[in-house]
Amino acid sequence: QEQLVESGGAVVQAGGSLRLSCHAQRMITSTFNPSTMGWYRQVPGKERELIASITRTGSTDYTETVKGRFTISRDNSRKRVYLQMNSLKPEDTAVYYCNSVMAPLSWGKGTLVTVSS
């Protein structure tokens with residue numbers, strides 16, 4: 001059973017929206033709740049990039065490339081992290097992953113987002 005399971009990826013038109021979900025199913029609550037969680041993305045031939053993060057209290061941070069378009073949130077009772085993606089651009093096409101930012105676990109399989117022009 002995987003530690004982290006991402007879902008919600010799809011093929012969408014530019015300008016459209018998607019909501020990704022991350023279930024930290026193997027993390028116990030006492031570990032998940034104080035953890036800063038993040039969404040990452042990766043395209044072939046490039047490094048995995050942290051694009052959004054959220055602390056245990058809900059403070060968020062975003063990279064410039066997604067700021068104003070993406071919103072990260074979390075539900076501690078369900079051990080889930082979400083990424084609402086609006087105004088999608090073709091350059092957002094990537095495999096999206098979630099993980100603990102400060103103490104990363106084994107990576108999940110990710111979920112593929114493809115944005116067509």
Point to revise | Unique residue being acidic (Asp, Glu) and within 12 Å of the chain's Cα centre (by Cα) when the list is GLU2, GLU49 | key: GLU49
Point to revise | Some residue of the range 95-106 being at pLDDT 95 or above and farther than 11 Å from TRP39 by Cα | key: no
Exercise for review: Filter the range 25-57 down to residues that are modelled with pLDDT under 95 and in contact with a strand residue (DSSP E or B) (Cβ under 7 Å, 6 or more places away or on another chain), then give me how many there are.
Suggested key: 2
Point to revise | Selection within the range 25-40 - closer than 18 Å to VAL95 by Cβ and in contact (Cβ under 8 Å) with a residue 60 or more places away in the chain | key: MET37, GLY38
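The values are calculated or read from the model by the stated rules, or taken from the named source; none is laboratory data. Predicted model only: the values in this text are computed from it and were never measured. Backbone-built Cβ (ideal geometry, glycine too); neighbour counts: all protein chains shown.
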